[in-house]
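Some notes on the structure that comes next.
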Amino acid sequence: MAVSHECDFPDEANKRPRATHCPVSRSRGTGLTSREVDEWVRRALHENGTIYAIDEPLLRELRPDVILTQRLCDVCAVGYGTVARLAGTLPGPPEVVNLEPSSLNDIFNDIRCVAKVCDVPERADKLLSQVSDRIEGVRRRANRIRHRPRCFLMEWVDPPFCSGHWGPELVEIAGGNDSLGRKHQPSVQIEWQEVLDTRPDVIVLALCSYNIDRARRDYEILRGFPEFNSLPAARRGEIYLVDASAYFARPGPRIVDSVEILAGILHPREFPEFTSRGRDDPRVVRVG
């Protein structure tokens, strides 16, 4: 079995051969700013139609029965068309399973789909029962809270991007309101003035593919934006970094952790068990 260059959970995934490659992934750890990453991605998509490369010799050697891919976002993974064309030339050929979630329910359905195609449907049933119970537990408690803070779930800093797909839904379940987010739709670039006009009470930096250490650098960029200190979130110190690479940006079982993290951010008194454990917490850190 092979995995993508982004796969790092569980630990066993790191022992598998990598079937895809992306130069910008290495660059994120070697000094490129978010603005430079954004420019590189736009240029590569314009010139090549993709930012990824597939290790075709490896796939021919492994002769997979199933290939999991996606049609949701060309920035997130290899495009579906590229994968499907290659799969058609492989021995078998392998079954290509497209995963394209835009909501929590879609994520759950994809988990069932993967379990079914791998002939272990009972594992999905057990897992989703546990995940659903946790999410509904947060939802019930949050629904008893009248105050719903204005929360800006930010997917990119420079240039600014709002949250999309399941992101605003997570905020909603956790007891907040992300009016800049695009529920069940793709994330888009927005003007900084829109953030100033919205005056969020809380800002959560859930930056696509970034962990907390990488997000710290972008927080310094954010602090330099015009009138940043005028925002309620900045004045009250309600700015948080989360490990989006592990949680928010990945449509899998750990999405439930994202809901709980947001509940601890938005309503720390009501959800003390989910609040940050300090600056070394690998899930969420308050930096405001």
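The values are calculated or read from the model by the stated rules, or taken from the named source; none is laboratory data. Every value quoted in this text rests on a predicted model; they were computed, and no experiment measured them. For neighbour counting, all protein chains shown are included, and Cβ atoms are generated from backbone atoms with ideal geometry for every residue, glycine included. Please note that ligands, DNA and RNA were not included when accessible areas were found on the heavy atoms of the full protein model with its side chains. Shrake-Rupley method; radii C 1.70, N 1.55, O 1.52, S 1.80 Å.
Summary table
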read-out	value
Relative contact order of segment 169-288, pairs being alpha-carbon contacts under 8 Å that are 6 or more residues apart, as %	29 percent
Dipole of segment 77-224 [Lys/Arg +1, Asp/Glu -1 at C-beta], most positive-end residue of 84, 179, 202	202
Percent antiparallel among DSSP beta bridges (both partners in the chain, rounded to 5)	35 percent
Local electrostatic count, residue 184, Cβ distance below 13 Å [Lys/Arg +1, Asp/Glu -1]	-3
Cα shape, segment 68-157, gyration tensor, a/c 1.5 rule	oblate
Phi-based couplings in Hz for segment 155-169 (Karplus 6.51, -1.76, 1.60; Gly and Pro marked x)	9, 7, 9, 10, x, x, 10, 7, 7, x, 6, 7, x, x, 5
The chain: most fluctuating residue of 56, 172, 238 per GNM, C-alpha cutoff 10 Å	56
Segment 133-195, accessible surface, carbon-and-sulfur percent (1.4 angstrom probe)	43 percent
Å² of accessible area per residue within the chain, as computed with a 1.4 Å probe and no ligands counted	51 Å²
Only Lys, Arg (+1) and Asp, Glu (-1) charged, at Cβ; segment 1-141 dipole about Cα centre in debye	260 debye
Charge tally in the Cβ shell below 9 Å around residue 165, where Lys, Arg are +1 and Asp, Glu are -1, residue 165 excluded	0
For the chain, calculated [θ]222 nm from helices alone, where every DSSP H run of n ≥ 4 adds -39500 (n - 2.57)	-12000 deg cm²/dmol
Segment 27-185 - percent relative contact order, Cα under 8 Å, separation 6 or more	18 percent
Highest average packing first - 159-169, 12-22, Cβ atoms within 10 Å	159-169, 12-22
Cysteines in the chain that, by Cβ-Cβ distance, have no pairing candidate under 4.7 Å	7, 22, 113, 118, 151, 162, 208
Shape call, the chain: gyration tensor on alpha carbons, a/c limit 1.5	oblate
Within segment 242-288: Cβ-based charge dipole about Cα centre, in debye rounded to nearest 20 (Lys, Arg +1; Asp, Glu -1)	100 debye
Mean separation of Cα contacts under 8 Å, 6 or more apart, over the residue count of the chain: relative contact order %	13 percent
Prolate/oblate/rounded label for segment 1-87 (Cα gyration tensor, a/c 1.5)	oblate
Heavy-atom accessible surface of segment 1-114: percent carbon and sulfur, 1.4 Å	50 percent
Segment 238-288 - percent of accessible surface contributed by carbon and sulfur, probe 1.4 Å	47 percent
Spin-label zone in segment 30-55 - amide nitrogen under 15 Å from a point set 7 Å from the Cα of residue 188 along the C-beta vector	none
Under 5 Å, built H, 5+ apart or other chain: amide partners of residue 161	155, 156, 190
Karplus 3J(HN,Hα) series, Hz, for segment 238-252 with 6.51 cos²θ - 1.76 cosθ + 1.60 (x for Gly, Pro)	9, 10, 10, 9, 10, 7, 5, 4, 7, 10, 4, 8, 10, x, x
